[in-house]
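What follows is a single structure, written as structure tokens, with notes after it.
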Amino acid sequence: MEIVMGNVDLYWEIPYVSENAKLLYARAIASPENAWVPYYNFKALPIHEDWGLDSWWNNLYKVHPFRAGIVKLDPNVYYDWHIDTDRGVGVNLLLNPCKSYCLFNKDFKRGKSLDQGNVTGSFVELQYKPNTYYLVNTQVAHTVYNFDTTRYLLTVDFEEYKDKLTYNQLLKESLEARWWEK
Ligand SMILES: [Fe+2]
């Protein structure tokens, strides 16, 4: 597969087609409401070991252990501009087609109030392709707007916090190790 390096300071598309997105989506929508737990303003469904993640995740896990979960955003909900508190990097896979926008802004500054602050700015969109994993730089301000369908996203929380594992480090290691090819 072609390696795409556009906007690589914000996100990177892993050149691999996931075989598990459909199955994980089926697990997500079949899970009862009480299986979902609060997680940084999302609702999250912890992944069970027997749910069969793509096999390359084992290779990643050996080097950088993580917990994986599916996060959901309800229809017509946004997740405001923020920088992740703990994670330096995420690995994301969108599980269902839905109209939603994931945007990054490297220069984001929050004003003290609307009339004092930066109420406009420029952004770069991460357009999730189906069945495609992305490394995402969670230390650049980002936001998500979700429209009329519940949005399900597989994501990971590395045991190493942002001071131990950065986006640039994981990107470099990924390009060297190419876990998905093994
Ligand atoms: Fe985030």
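The values are calculated or read from the model by the stated rules, or taken from the named source; none is laboratory data. From a predicted model like this one, the values you see are computed outputs, not experimental measurements. Positions of Cβ are generated from backbone atoms using ideal geometry, with glycine treated the same way; all protein chains shown enter the neighbour counts.
Applying a threshold of 9 Å to beta carbon distances and a minimum spacing of six or more residues, or different chains, the list of pairs starting in the stretch 20-48 at a residue that is closer than 29 Å to residue 81 by Cα and in contact (Cβ under 8 Å) with a residue 24 or more places away in the chain and ending at one that is in a loop (DSSP other than H, G, I, E, B) and within 16 Å of the ligand (Cβ to nearest atom) reads 40/84; 40/85; 40/86. Look at (1) within 16 Å of the ligand (Cβ to nearest atom); (2) within 30 Å of residue 178 (Cβ to Cβ); (3) surrounded by 13 or more Cβ atoms within 10 Å (Cβ to Cβ) and you find that residue 45 fails only one, number (1).
Would you mention how many residues in the stretch 149-182 are of a type in the set (Lys, Arg), surrounded by 14 or more Cβ atoms within 10 Å (Cβ to Cβ) and in contact (Cβ under 8 Å) with a residue 40 or more places away in the chain? Steps first, please.
Looking only at the stretch 149-182, we keep the residues that are of a type in the set (Lys, Arg), and these are 151, 162, 164, 172, 178, 182.
Within this subset, residues satisfying the condition of being surrounded by 14 or more Cβ atoms within 10 Å (Cβ to Cβ) are 151, 162, 178.
If we keep only those that are in contact (Cβ under 8 Å) with a residue 40 or more places away in the chain too, we end up with 151, 162.
The total comes to 2.
Give the stretch 52-103 a look and list any residue that's polar (S, T, N, Q), surrounded by fewer than 20 Cβ atoms within 10 Å (Cβ to Cβ), farther than 22 Å from residue 178 by Cα and more than 13 Å from the ligand (Cβ to nearest atom), or say none. Of everything in the stretch 52-103, those that are polar (S, T, N, Q), surrounded by fewer than 20 Cβ atoms within 10 Å (Cβ to Cβ), farther than 22 Å from residue 178 by Cα and more than 13 Å from the ligand (Cβ to nearest atom) turn out to be 76, 96.
Does residue 138 meet the test of being touching a Gly at 6+ places or on another chain (Cβ under 7 Å), within 16 Å of the ligand (Cβ to nearest atom) and of a type in the set (Ser, Thr, Tyr)? Full working, then the answer.
Numbers: touching a Gly at 6+ places or on another chain (Cβ under 7 Å): yes; within 16 Å of the ligand (Cβ to nearest atom): yes; of a type in the set (Ser, Thr, Tyr): yes.
Yes; evaluated as a whole, the condition is true for this residue.
Among residues that are of a type in the set (D, E, K, R), more than 26 Å from residue 163 (Cβ to Cβ) and surrounded by 14 or more Cβ atoms within 10 Å (Cβ to Cβ), residue 22 is not included. Residues in the stretch 145-168 that are of a type in the set (A, V, I, L, M) and touching an Asp or Glu at 6+ places or on another chain (Cβ under 9 Å): 165 alone.
Any idea which residue in the stretch 54-84 is modelled with the lowest pLDDT, counting only those that are among the hydroxyl-bearing types (Ser, Thr, Tyr) and more than 21 Å from residue 124 (Cα to Cα)?
Per the criteria, the residue is 55.
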